[in-house]
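Have a look at the structure below before the remarks.
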Amino acid sequence: LQVSVVALRSPTGAEVGTVLVFHDVTRLQQLEAIRQDFVANVSHELRTPLSLIKSAAETLLDGGKNDPAVNARFLEIIDKHANRLSLLIDDLLTLSKLDAERVELDIRSVGLRAAVQDALDDALTLAQPRAIALENQVPVGLSAKVDAAKLRQVLGNLIENAIKYGRERGRVVVQGRATGAAMVEIAVCDDGPGIPAEARSRVFERFYRVDKARSREQGGTGLGLSIVKNLVQAHGGEVRVESELGRGARFFFTLPEAEANGNGTAPSARG
Ligand code: ADP
């Protein structure tokens with residue numbers, strides 16, 4: 001709390017009172033702390049892959065390149081961590097555009113069953129090695145007013161997470177419904193280990209991970225869910241997560257509902 005003191009004077013100049021002004025700077029200080037935290041996190045996240053790349057390059061330069069086995073292994077390390085750096089930078093740029101509200105949305109009426117099917121098809125190669133079945137339960141005729149490319153990014157992130165953190169030989173199901181308040185709700189559900197209660201409120205924070213090692217091993221940047229949250233909010237929707245430990249996680253997001261029309265969507269079959 002910042003306090004300014006102003007003397008109150010009569011027309012003759014005599015002091016007749018004092019005005020105390022209280023400025024609530026808590027919010028400003030919080031924002032500054034968040035910013036500092038973010039910069040520290042970004043630096044750390046950039047430095048980790050960079051130092052792995054550097055030491056692999058040094059090993060190769062120190063003569064490792066003459067041994068074919070060492071050569072292949074260290075080039076792979078360099079490639080893997082360079083890819084990670086580039087994913088991280090893409091995510092950071094996406095977030096910075098969202099922060100600056102520089103994301104232009106091309107809002108149209110989008111049929112959700114087809115959009116979900118496209119996102120599930122994209123995720124097939126990720127699901128197959130883990131033998132996870134993907135299921136589209138979104139009803140025909142459900143449509144939202146949304147930027148189709150951004151919706152794909154949101155669905156892609158949530159489906160990818162459900163596969164990465166879900167149970168091997170498990171099932172990922174996407175559901176959809178109209179909530180009745182001119183909004184639709186999409187749910188991405190898995191049957192994996194779920195998310196502990198204390199982590200549930202934090203998973204949408206930048207760089208928050210329940211299991212850091214696991215996330216990094218899976219190639220995660222720790223930014224996926226914060227991008228999801230920002231993209232959904234840019235459309236006027238909200239995100240939330242429900243989970244029961246050992247029984248999976250369900251991520252929900254809402255979007256403004258669109259009347260089903262001729263835009264490549266089937267006629268409404270709801271009700
Ligand atoms: P990451 O790049 O680490 O996947 P995200 O922002 O997408 O970053 O997710 C943040 C963290 O939330 C993950 O590291 C993981 O610990 C947890 N998480 C996300 N989705 C799930 C899920 N379906 N089941 C269990 N944990 C999840």
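The values are calculated or read from the model by the stated rules, or taken from the named source; none is laboratory data. Since the structure is predicted, the reported quantities are computational estimates derived from the model, not experimental observations. Heavy atoms of the whole protein, side chains included, go into the accessibility calculation; ligands, DNA and RNA do not. Shrake-Rupley method; radii C 1.70, N 1.55, O 1.52, S 1.80 Å.
Out of the DSSP beta bridges found with both residues in the chain, what percent are antiparallel (nearest 5)?
On the way: 34 of 38 bridges.
Given both bridge residues lie in the chain, the antiparallel proportion sits at roughly 90 percent.
What would the Debye equation give as log₁₀ I(q)/I(0) for region 51-112 at q = 0.13 Å⁻¹, counting only Cα atoms as equal point scatterers?
After summing over all Cα pairs, the log10 values are -0.55.
I'd like the per residue volume of the convex hull spanned by the Cα atoms of region 8-79, given in cubic angstrom. Don't skip to the end; give the middle numbers.
Numbers: hull volume 8.5 nm³, N = 72.
Here the figure is 119 Å³ per residue.
Determine the calculated [θ] at 222 nm for the chain from helices alone, applying -39500 (n - 2.57) to every DSSP H run no shorter than 4 residues and normalising by the residue count; nearest 500 deg cm²/dmol. Each step should come with its number before you reach the end.
Details: 8 runs with 122 residues, N = 271.
-15000 deg cm²/dmol, from helical runs alone.
Search the structure for amide H atoms under 5 Å from the amide H of residue 258, placed 1.01 Å from N in the peptide plane, and list their residues when 5 or more places away or on another chain.
It is 143, 144, 145, by chain and number.
From the protein chains alone at 1.4 Å, what is the descending order of accessible area for 212, 150, largest first? Write down the numbers at each step before the final one.
On the way: 212 105, 150 40 Å².
These residues rank, largest area first, as 212, 150.
Distance check, please: which entries in 97/150; 80/150; 164/212; 97/229 exceed 20 angstrom between their Cα atoms? Walk me through the numbers before you get to the answer.
Values: 97/150 13 Å; 80/150 26 Å; 164/212 13 Å; 97/229 14 Å.
The pairs that break the limit, which is 20 Å between Cα atoms, are 80/150.
Roll a 1.4 Å probe over the protein chains and send me the accessible area per residue for the chain in Å².
Values: 15670 Å² over 271 residues.
Normalised by residue count, the accessible surface of the chain is 58 Å².
Enumerate the whole-percent occupancy of each 10 Å bin, from 0 to the last occupied one, for all C-alpha pair distances of the chain.
Reading the bins upward from 0: 6, 23, 26, 20, 11, 7, 4, 2, 1, 0.
What residues have an amide H closer than 5 Å to that of residue 223, excluding those fewer than 5 places away on the same chain, when H is modeled at 1.01 Å from N in the peptide plane?
Close amide H contacts, sequence-distant or interchain: 207.
Might you work out the accessible area of residue 23 for me, using a 1.4 Å probe with all protein chains in place, and round it to the nearest 10 Å²?
Surface open to solvent at residue 23 totals about 80 Å².
Which of these, 132, 159, 227, has the largest mean-square fluctuation under a Gaussian network model of the chain (Cα springs below 10 Å)?
Taking springs between Cα atoms under 10 Å, the residue moving most is 132.
On the protein heavy atoms, probe 1.4 angstrom, tell me the percent of accessible surface of the chain carried by carbon and sulfur.
Values: 8260 of 15670 Å².
C and S fraction of accessible area: 53 percent.
Determine ³J(HN,Hα), in whole Hz, for all residues of region 23-37 in sequence, where each value follows from phi through the Karplus function 6.51 cos²θ - 1.76 cosθ + 1.60 and θ = phi - 60°; x replaces Gly and Pro.
Ordered by residue, 3J(HN,Hα) equals 9, 7, 9, 3, 4, 4, 5, 4, 4, 5, 5, 4, 5, 4, 4 Hz.
Using only the Cα atoms, what convex hull volume per residue in Å³ does region 205-263 have?
On the way: hull volume 8.0 nm³, N = 59.
Given the Cα convex hull of region 205-263, per-residue volume reads 135 Å³.
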